[in-house]
Amino acid sequence: MQIETSRFGTVEVPEDELVTFDDGVPGFPGRRRMAVLGGGEMPGGEPGEGHHTLFWLQDVTDPDLAFMTIVPWAAYPDYDVELEADEGDDVSDADDLCVLVVVTVRREEGGIQLTSNLLAPIVIDTALRRGRQVILQDQTWPVRAPLARSLPAASEIEGD
């Protein structure tokens, strides 16, 4: 399937690799199908074995709707997720679960601040190709965990 995106142009994603969000994507009613696009390794993270730690969740129908996400343990090695199985959930093996957290980019005076939502990770069952955002029972995880210190705005990096 060809997906038009505003960030990456046209991308080809096999239909059977799309992820369905049965409950939709919170805050975006009607958005139920997303492509998971590998974005490489997170800059400044621990060097990996060539596995992606940065992903884009790209909506299939809206070219402008994409969420930057990361594998949380790349930036937060002590992150601990206990997922509660909802009654009636059709879940495959726990090894098939992929946990991602949404990264938010905020423009601030003098730079940019990156934070991650550790309280409400996105969980994808890679075998069933189903995803959902869950709110963890452990309320100590922040919604805006610092990911990177303020970076200079692009206009301030002239000549580097």
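Every read-out reported here was derived from the displayed coordinates using simple, explicitly stated rules and does not represent laboratory data. As the structure is a computational prediction, the values presented were derived from the model and not from experiment.
Using θ = phi - 60° in the Karplus curve 6.51 cos²θ - 1.76 cosθ + 1.60, the 3J(HN,Hα) couplings for region 57-65 round to 9, 9, 5, 6, 9, 10, x, 8, 9 Hz; x is entered for Gly and Pro. If you take the square roots of the eigenvalues of the alpha-carbon gyration tensor of region 55-143 and sort them as a ≥ b ≥ c, do you get rounded (a/c under 1.5), prolate (a/b over b/c) or oblate? Because a/c hits 1.5 or more and a/b fails to exceed b/c, region 55-143 counts as oblate.
In order along region 132-142, the phi-based Karplus estimate (6.51 cos²θ - 1.76 cosθ + 1.60, θ = phi - 60°) of 3J(HN,Hα) comes to 6, 9, 10, 9, 6, 5, 6, 6, 6, 6, x Hz; Gly and Pro are listed as x. Amide H to amide H distances under 5 Å link L65 with D59, where only residues 5 or more positions off or on other chains count and H is placed in the peptide plane.
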